[in-house]
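> I have a structure here, written as structure tokens, and I will follow up with some questions on it.
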Amino acid sequence: MNGPSGMNWRGISAIYGFELHRFRRTFWTSLMTPVITTTLYFIVFGSAIGSRMNEIDGIPYGAFIVPGLIMLSMLQESIFNASFGIYMPRWTGTIYEILSAPLSPLETVIAYVGAAATKSMIVGLVIFATAHLFVDVTVVHPLAMLAFMLVIAISFCLFGFILGLWAKSFEQLQFVPLLVIMPMTFLGGAFYTISMLPEPWRTITLFNPVIYLISGFRWTFFGQGDVSLGISLSVIAAMLAACTGIIIWMFRTGYRLKK
């Protein structure tokens with residue numbers, strides 16, 4: 001049933017609900033994994049390294065790594081959930097039922113990306129709550145933090161959606177997150193500030209887009225980051241525009257959809 005805006009909200013909610021139902025079936029497993037991982041990071045980085053590095057720019061090291069830990073998990077969850085969500089219909093052949101349904105490409109993307117972003121936000125908030133068990137974290141801009149989390153989740157879910165359409169196998173589906181995104185995240189200032197790096201590594205790091213995401217997110221916590229907030233927002237806007245443009249092209253050309 002189309003709403004006043006002409007959107008098929010019933011179709012969107014059907015796909016959205018199906019994807020969240022799949023998440024609910026593995027709810028505790030999906031949440032325990034990032035919780036355990038976050039706990040290990042705090043034990044290794046917060047305790048071992050934090051005992052030798054008390055503060056960074058006046059921020060206790062344990063609290064300093066919280067935004068990076070949240071981003072690290074959210075980027076992985078966003079890409080995995082969105083890519084897996086659209087890849088499975090392609091793999092099973094049910095993608096043709098979706099393409100023949102009275103759903104526009106926009107409505108299809110809203111349903112899949114919306115569900116994946118919801119899962120990513122839940123994981124991010126769970127990690128944020130878990131962090132309070134280890135350190136005292138004060139958020140300077142809480143509303144901006146939530147908005148930043150949502151925009152990052154949507155951006156990387158769009159990227160994951162593209163990956164799910166591009167991949168021809170489960171190996172390709174895992175290649176980009178494990179061998180590209182993971183190293184970029186670790187080298188993106190999740191556990192340190194780029195001012196600690198010597199040249200030329202400091203300059204090279206600035207070509208890593210993840211540094212701008214983590215820096216902007218860290219600003220919402222502490223009111224400061226490695227780069228200006230304006231540059232971080234510009235990078236996110238460019239990522240959103242690029243992913244949106246690629247998805248539009250994929251649907252117009254039927255790339256990996258109708259083959």
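> Only residues that are under 23 Å from I214 (Cβ atoms) and crowded, with 22+ Cβ neighbours inside 10 Å: list them for the stretch 163-180, please.
L163
> Does the stretch 196-214 contain at least one residue that is modelled with pLDDT under 90, surrounded by 20 or more Cβ atoms within 10 Å (Cβ to Cβ), within 30 Å of V140 (Cβ to Cβ) and not acidic (D, E)?
No.
> Being in contact (Cβ under 8 Å) with a residue 12 or more places away in the chain and over 15 Å from I65 (Cβ atoms) is the requirement here; does L206 meet it?
So L206 fits the description; yes.
> Right, another one. Taking helices (runs of 4 or more DSSP H) that fall entirely within the stretch 36-144, which contain at least 2 residues that are within 30 Å of R252 (Cβ to Cβ)?
Helices (runs of 4 or more DSSP H) meeting the threshold: 66-92, 95-100, 105-131.
> Go through the stretch 74-128 residue by residue and tally those that are among the acidic types (D, E), surrounded by fewer than 22 Cβ atoms within 10 Å (Cβ to Cβ) and at pLDDT below 90.
The qualifying residues number 1.
> Then there's this: Select from the stretch 189-231 the residues that are small (G, A, S) and under 17 Å from A63 (Cα atoms) and list them in ascending order.
The answer is G189, A190, S215, G216, G223, G225.
> Among the residues of the stretch 10-33, is any within 30 Å of G188 (Cα to Cα), among the small types (G, A, S) and modelled with pLDDT under 85?
Within the stretch 10-33 (the criterion being within 30 Å of G188 (Cα to Cα), among the small types (G, A, S) and modelled with pLDDT under 85), the answer is yes, since at least one residue qualifies.
> Any residue in the stretch 118-147 that is free of Cβ contacts under 8 Å to residues at least 60 places away in the same chain and among the hydrophobic types (A, V, I, L, M, F, W, C) sitting within a Cβ distance under 7 Å of a residue that is in a helix (DSSP H, G or I) and surrounded by 16 or more Cβ atoms within 10 Å (Cβ to Cβ)? List the pairs, counting only those 6 or more apart or interchain.
Hits for this filter: M121/M149; M121/A153.
> Moving to a separate point now. Quick check: anything in the stretch 114-129 in contact with a helix residue (DSSP H, G or I) (Cβ under 9 Å, 6 or more places away or on another chain), more than 26 Å from T29 (Cβ to Cβ) and charged (D, E, K, R)?
The answer is no, given that none of the residues of the stretch 114-129 is in contact with a helix residue (DSSP H, G or I) (Cβ under 9 Å, 6 or more places away or on another chain), more than 26 Å from T29 (Cβ to Cβ) and charged (D, E, K, R).
> Which condition does E55 not pass, out of (1) under 28 Å from V135 (Cα atoms); (2) at pLDDT 80 or above; (3) among the charged types (D, E, K, R), if it passes all the others?
(2)
> Could you tell me how many of the residues in the stretch 235-256 are of a type in the set (S, T, Y) and either within 29 Å of Y61 (Cβ to Cβ) or not in a helix (DSSP H, G or I) (or both)?
1
The values are calculated or read from the model by the stated rules, or taken from the named source; none is laboratory data. Note that this is a predicted model, so its numbers are computed, not measured. Please note: Cβ atoms are built from the backbone with ideal geometry, for glycine as well, and neighbour counts cover all protein chains shown.
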